[in-house]
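Read the structure below first, then the notes.
The values are calculated or read from the model by the stated rules, or taken from the named source; none is laboratory data. Computed from a predicted structure; not experimentally measured. Here the Cβ positions follow ideal geometry from the backbone for every residue, glycine too, while neighbour counts run over all protein chains shown. Just so you know, the surface numbers come from the protein's heavy atoms only, side chains and all, with ligands and any DNA or RNA stripped out. Shrake-Rupley method; radii C 1.70, N 1.55, O 1.52, S 1.80 Å.
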Amino acid sequence: TQPRLATIGVTQEDYQQFESLLKGVQKAWSDGDLGAMRQYVTPEMLSYFSEQLAENQSQGVVNKVDDVELIKGEVREAWDEGRLHYATALMHWRARDYTVRSGGNPREGEIIVGGDPQNATEASEMWTFARSPGGRWLLSAIQQI
């Protein structure tokens, strides 16, 4: 791995991009839409989400994450490795997170097999974002905490 060359500043605009990425990734995930997912994530993360969606599909389930709301995003470190900038943020968010038998809409008589479509729950994860200098951020890693 390359040495971390310099710490970079993270602006309010960066935080807004992180929130947009959170919402975009969760919507693409809920829709099972890898085409939409591609605009938010690195190729490695796209592969990861593709595998997870395929696993759900083979089990006949769909995980929905609706009404995503970022409660707090807190950058823990941000650095420049020359050709890429990185930022790792603690993302604390709220959403309705539930799993149904394939088809996706519990209002159409689908069976809920996990979670609660009525009540939001909170989650915290470490998300690492990457971009080329001057480019837009992409999600490059998620770490459960």
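Some values worked out for this structure:
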item: The stretch 1-13: number of residues that are under 13 Å from Ala78 (Cα atoms) and either open to solvent by 100 Å² or more (accessible area, probe 1.4 Å) or modelled with pLDDT of 95 or more (or both); result: 3
item: Candidates Ile145, Ile111, filtered to the one that is modelled with pLDDT under 95, β-branched (Val, Ile, Thr) and closer than 17 Å to Gly73 by Cα; result: Ile145
item: Test: Lys64 is touching a residue at least 12 places away in the same chain (Cβ under 8 Å), of a type in the set (Lys, Arg) and in contact with a helix residue (DSSP H, G or I) (Cβ under 6 Å, 6 or more places away or on another chain); result: yes
item: Residues located in the stretch 82-102, provided they are over 27 Å from Gly115 (Cβ atoms) and among the small types (Gly, Ala, Ser); result: Gly82, Ala87
item: Qualifying residue in the stretch 86-108 (condition: in a loop (DSSP other than H, G, I, E, B), closer than 20 Å to Arg136 by Cα, modelled with pLDDT of 95 or more and of a type in the set (Val, Ile, Thr)); result: no
item: Residue within the stretch 20-28 that is of a type in the set (Lys, Arg), surrounded by 11 or more Cβ atoms within 10 Å (Cβ to Cβ) and within 15 Å of Ala95 (Cβ to Cβ) present; result: yes
